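Asks: This is the structure I want to talk about, given as structure tokens.
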Amino acid sequence: MSIEDRAKAAAQNVEGKGQEVVGKATGSSQDEAAGKAKQAGAKVSEGIEDAKDKVADVANKAGDKIRDGIENTKNELNK
């Protein structure tokens, strides 16, 4: 996952928290709800990025095992 995507999610979370606090301070339930929604969106984005990282890790590990298997097969055939 890109650092840029994680930074965007963090910024969205901070923005949402700020809007929620302003909403509470001013008594604006609309701002408070919008802030909470932004924070929820940031959590979803973070979850998606975490999933992308895990998929990439699994794919890299699978690729490593395939390369090892090919190398072992080559070595066995060259004996």
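The values are calculated or read from the model by the stated rules, or taken from the named source; none is laboratory data. Given the structure is predicted, the values throughout are model-derived calculations rather than measurements. In this analysis, Cβ positions are derived from the backbone assuming ideal geometry, glycine residues included, and neighbour counts consider all displayed protein chains.
Asks: When residues of segment 19-68 are filtered for being loosely packed, with under 14 Cβ neighbours inside 10 Å, part of a helix (DSSP H, G or I) and of a type in the set (Gly, Ala, Ser), how many remain?
Replies: Result for segment 19-68: 11.
Asks: When only residues in segment 1-26 that are polar (S, T, N, Q) and under 18 Å from the mean Cα position of the chain (by Cα) count, which is nearest to residue 53 (Cα to Cα)?
Replies: Within segment 1-26, the subset polar (S, T, N, Q) is 2, 12-13, 19, 26.
Pick out the ones that are also under 18 Å from the mean Cα position of the chain (by Cα) and you get 2, 12-13.
Numbers: 2: 9, 12: 20, 13: 20 Å.
Only one residue tops the list, namely 2.
Asks: Scan segment 53-73 and report the pairs whose first residue is more than 21 Å from residue 6 (Cα to Cα) and modelled with pLDDT of 95 or more and whose second residue is exposed (fewer than 10 other Cβ atoms within 10 Å of the Cβ) and aromatic (Phe, Trp, Tyr), with Cβ atoms within less than 6 Å and a gap of 6+ or a chain change.
Replies: none
Asks: For segment 1-18, how many residues meet the condition of being under 29 Å from residue 59 (Cβ atoms) and exposed (fewer than 14 other Cβ atoms within 10 Å of the Cβ)? Let's see the steps before the verdict.
Replies: In the first step, residues of segment 1-18 are kept if they are under 29 Å from residue 59 (Cβ atoms); the result is 1-13.
Imposing the further condition that a residue be exposed (fewer than 14 other Cβ atoms within 10 Å of the Cβ) reduces the set to 2-4, 7, 10-11.
Summing the residues that are under 29 Å from residue 59 (Cβ atoms) and exposed (fewer than 14 other Cβ atoms within 10 Å of the Cβ) in segment 1-18 gives 6.
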